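Beneath this line is the structure, given in structure tokens, with notes to follow.
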Amino acid sequence: MTDGRQATPSQLTAVSFGVLGLGSVAAFLISSAQWNPGSNGWYAIVVGALLVSFHVRPQRTLTISSNVESINLDEVLIVPMLLMVEPRQGIAITCVASVAGAISSRRAWVQNVFNLGQQVFAVSVGYAVLAVFGVRTTSRPTFADALVGMLGALLVAATTALFVRAMVSFASGVSYRAMLAEMLRRVGPWTGAVTLGGVAAITVGAYPVAAILMLGVLFFVHRAYALTFKELTARRNAERLQSTIASLRNRRNPADVRVDLLSATRDLLGAGSAEVVSGDAVDATGSMSAPLRSSEMLRVTARRGLGAWTDEERVTLVTLAGVAGDVLRSTEAMAQLKTITDSQTEGVIALDLTGDITFANPAALQLLGTTDDTGVLGTPVQDALVLRNGRRRVDLEKMVAREYVARDADATLRTAHGETTDVAYSITPLRAEDAHVGAVLVLRDVTERRAFQDELARRALHDELTGLPNRRLLLDRLDQAIARSVGTDQQHGLLFLDLDRFKVVNDSYGHLIGDKLLIQIAGRLKSGLTIADSVARLSGDEFIVLVEDANDVGRLTSVAQNLLDLLEEPFDIDSHHIFMSASIGVGLIRAGQGRDEALAAVDAAAYAAKAAGRNCYFVSTDDEVERSRARLDLEVSLRQGLDQDELELYFQPIVTTERAEILGIEALVRWKSPEHGTLAPQEFVPLAEETGLIVPMDRWVLEESCRTVREWTLMHPNRRPLTVSVNLSALQLAQHRLPEHVSDTLARTGLPASQLCVEITETALMRDTEATTETLDLLHKLGVRVAIDDFGTGYSSLSYLKRFPIEVVKLDQSFISGLGSDPVDTEIARAVVRMSNALGIDTVAEGVETDMQRRILVQMGCQQMQGFLISRPLPRQQFLDFWTDDQDRMLGLLPGLHTGTPA
Ligand code: C2E
Ligand code: CA
Ligand code: CA
């Protein structure tokens, strides 16, 4: 309604005085006409008294934009006054009444000047109408007189209304037209009042005493009118309060809110002034205040119109202050937010308690696909954006209302234009001075992060090296497959594929080549399977194949055979030809079998396949599962045993065949397990080799042997120093750093290299000739002796003896037991001894149990031996005792040794 053209105080003053002048001129003209000087003075007194009381007594007032218009029934009195009171007196009465009203209402004086002028003018207009119709002041008006009087009074009312509204419009800038329309609605009441006035004039003219009755009627009508009017005013005020609140809420700037609040308060309450005062200020008389915020009050003073502030007005003030307090809090919070968030890359959106957007920073606007906040501010958040977490729609309104807090939750943002972005959102209740005023929604564009996470998730479920599904993914699929087949006769098959001797490749060619080999193997395995089957890498060299819906073992064994065939061709890696085979365990997942059980079953079958000579498949049976469990137990306790020093060395003497002189000892390991008793190497060495435990075990044996022998050498400086023979596993031999490790051990223990002999089995030597040659050369250079153990049992030819830097051959006991009885064994033994002697290699005969065997060995030229004939492997102390025993006793035990020795 306001168009902003408000009059300044000096303009208002000028207009007021203008109106006063106009009124005075009109009064002068009417008064000077002097139509009927002889009127009834009593009427003037009665009408005058009533008019003054009407102006002074509490009246209903209509406030329009801080201007007050009195609502009274002047119109009723005007008719008798115009007809029965002489113009000069009538104008005088009007002036008195106006001044009395001005005094009692404490209006601004300019307004009083204006009122006086306009009232005088209006009454002059009324008298002028009578003059035009030739009606003179009379104590007994006729019906026709009354009609003219009524017309005059109507014009008085209309003139007053037109003046007042013109002034209001001029002062406040409110549209005059709208006020005129509102004025037309009052023509009805005016006509009623004027008619009543006509009736009163005729009646009082005829019966002057009837004036008392007329007063009663007047009083009643006044009351009824006032009530209706009160209701109308209340409704109107409510509407205005509402629109004021709405416009306050639309303000973004705290300073604007304050300005608007004060002018709206003055307006709505008809207050002379409105201000914001500090919270502890005390209300003076005539002022009323309501809490705005914790430290501030909204105060109005100088109520327009008569009387004190009403309850309705108090409610209005409290409401306004309350709303303005909220708005101030949130606009101030918003202003702060703006300074913080303008440069932020996260989108920040503030929501009020109803879920409308009250603020959005540039980054938020960008996420919403716009650069301008006008289309965004004030709109409900659900119109601007939709957040979804999967299928669920995030209910932001509810989150605001319930003061939810969310941190970096994942969602997809969909703008009003339909664009989507991956975001992480946080929502925090927005508080200002401890009052909940809304919430702040922070949106972060996480498109890149989400892509990164997807990649991480993929990696978490796949083996990095081969790209095959990993253990986790496989277990997941396995679980699903098992769950799917519950209650159906559907079955799934599993293959557990364990590469044969992969460790050796890794150890001898290095991990780089090992890795490349695994990649190629993974490729071949994949090529041998249908898409429905999944192959996963379980760990280093183990793979699992899940064959879904495989209802018979035949299907599985054909898959296994196919895979074995695929591995047959050598792998070309960095110009190496590498052969690789696998041992495969095959099994159907039986009904009721869990995931772990099913896996254990095929694992056991694979182990059986390995035990059966590798490069084959085995179908799982319960026996294997049992055996593999036992093996697992053993492995666990061996691991512990290694840690807890449960290993012990036994020593078997190596002596000369002729005189049984002790030349050295072979260190042989025993495991004194608290659970399993004393175990011989055959019972745990294969397991240790399989699991890799052999490496730490052999290191311990080497260290312990060197230390012991060094100790004994120092203990008996005048005895011939013993040589100690230590068995090395194939795995140990394949370790690149073996020579370095051996030399370290010698240095650490102080044993001269010449006192150490490492025994390597023929089969271990054959594995990888090139790397082995290098290792053995290095050991040889150290001065360590190298022996071929179990000679004759492998497939090695005698040419090996020439090829490797070997100093000792240990003739396997299988030949010794046949000496003298089995001609083939005897001849082989003889050939080996002859060959070795020719090459300058020592031969040690193993497992010599009888003296006859010894004698044949002497005859053949084999100079060293070990065996039960001399001694079983002995624990430390027993060996020391044995060693200390003198040669004489030995000679006595072995009478045959006298041969060749003069008595
Ligand atoms: P090996 O190196 O051939 O050791 C000789 C084996 O023959 C020993 O068995 C020994 O007790 C046995 N023996 C010695 N004299 C006679 C005899 O007159 N008659 C019979 N029947 N047997 C005799 P042991 O101690 O049970 O060791 C078995 C195998 O375990 C060893 O064979 C060796 O290959 C392996 N071994 C022993 N200790 C170690 C070790 O510390 N590390 C590694 N890697 N292997 C070891
Ligand atoms: Ca040996
Ligand atoms: Ca041997």
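Assign unit charges at the C-beta atoms only (+1 for Lys and Arg, -1 for Asp and Glu), then state the dipole size of segment 373-481 relative to its Cα centre in Debye, rounded to the nearest 20.
Dipole about the Cα centre, nearest 20: 420 debye.
For LYS516, LYS230, write out the residues from largest to smallest accessible area, computed with a 1.4 angstrom probe and no ligands counted.
Of LYS516, LYS230, the descending order of accessible area is LYS230, LYS516.
Go through LEU728, ALA153, THR488 and say which Cα lies farthest out towards the positive end of the charge dipole of the chain; charges sit on Cβ, +1 for Lys and Arg, -1 for Asp and Glu.
Ranked along the dipole, the leading option is ALA153.
Tell me what the chain gives for mean residue ellipticity at 222 nm when only DSSP H runs of n ≥ 4 count, each as -39,500 (n - 2.57), the sum divided by the residue total, rounded to 500 deg cm²/dmol.
-17500 deg cm²/dmol
Measure out, as a whole number of angstrom, how far apart the alpha-carbon centroids of segment 377-420 and segment 582-636 sit.
What the calculation gives is 54 Å, centre to centre.
Using DSSP, restrict attention to beta bridges with both residues in the chain and report what percent are antiparallel, rounded to the nearest 5.
So the antiparallel bridges in the chain amount to around 75 percent.
Provide ASP383, ASP533 ordered by accessible surface of protein heavy atoms (probe 1.4 Å), highest first.
ASP383, ASP533
Over segment 463-578, what is the mean sequence separation of C-alpha contacts under 8 Å (at least six apart), divided by residue count, expressed as relative contact order in percent?
36
Which shape class applies to segment 707-854: rounded if a/c is under 1.5, otherwise prolate when a/b exceeds b/c and oblate if not, where a ≥ b ≥ c are the square roots of the Cα gyration tensor eigenvalues?
Here segment 707-854 falls in the oblate category.
Solvent-accessible area per residue for segment 769-860 at a 1.4 Å probe radius, Å²?
So segment 769-860 comes to 47 Å² accessible per residue, rounded to a whole number.
In the chain, carbon and sulfur make up what percent of the accessible area (probe 1.4 Å)?
Whole-percent figure for carbon plus sulfur exposure: 55.
May I ask you to derive the relative contact order of the chain, considering only C-alpha pairs under 8 Å and at least 6 residues apart, and to give it as an integer percent?
RCO, the chain: 6 percent.
Please work out how much accessible surface ARG223 shows to a 1.4 Å probe, ignoring ligands, DNA and RNA, in Å² rounded to 10.
Per-residue accessible area (ARG223): approximately 120 Å².
Enter the accessible area per residue of segment 287-352 (Å², integer; probe 1.4 Å; all protein chains in place).
With the other protein chains kept in place, segment 287-352 gives 42 Å² per residue.
I'd like the distance separating the alpha-carbon centroids of segment 141-183 and segment 215-263, in whole Å.
Answer, in whole Å: 22.
Run the dipole for the chain about the Cα centre, Lys and Arg Cβ at +1, Asp and Glu Cβ at -1, nothing else charged, and hand back the magnitude in debye, nearest 20.
The calculation lands at about 7320 debye.
Less than 24 Å apart at the alpha-carbon level, and either on another chain or at least 8 residues along: which lysines does that give for LYS516?
LYS503, LYS526, LYS610
Given the C-alpha centroids of segment 650-713 and segment 514-538, what is the distance between them in whole angstrom?
Between the Cα centres of segment 650-713 and segment 514-538 lies a distance of 41 Å.
Among ASN837, LEU367, LEU162, which residue has its Cα furthest toward the positive end of the charge dipole of the chain, with +1 on Lys/Arg Cβ and -1 on Asp/Glu Cβ?
LEU162
Quick one: order HIS511, HIS676, HIS222, HIS492 from most to least accessible surface, probe 1.4 Å.
In descending accessible area the options line up as HIS511, HIS676, HIS222, HIS492.
Please give the per residue accessible area of segment 536-576, computed with a probe of 1.4 Å over protein heavy atoms only, in Å².
42
What ³J(HN,Hα) values, in whole Hz, does the Karplus curve 6.51 cos²θ - 1.76 cosθ + 1.60 give for segment 281-295 when θ = phi - 60°, with x put for Gly and Pro?
Result, rounded to whole Hz: 5, 9, 6, 7, 5, x, 10, 9, 9, 9, x, 9, 9, 3, 10.
If you filter segment 298-369 for trypsin sites (Lys or Arg not before Pro), then keep DSSP loop positions with at most 14 other Cβ within 10 Å, what is left?
Loop-located and lightly packed - none at all.
The values are calculated or read from the model by the stated rules, or taken from the named source; none is laboratory data. Just so it is clear, the model here is predicted, and its values are computed rather than measured. Quick reminder, even Gly has a Cβ in these numbers, built from the backbone with ideal geometry, and neighbours come from all protein chains shown. When the accessible area is computed, the model is the full protein with side chains, heavy atoms only, and any ligands, DNA or RNA have been set aside. Shrake-Rupley method; radii C 1.70, N 1.55, O 1.52, S 1.80 Å.
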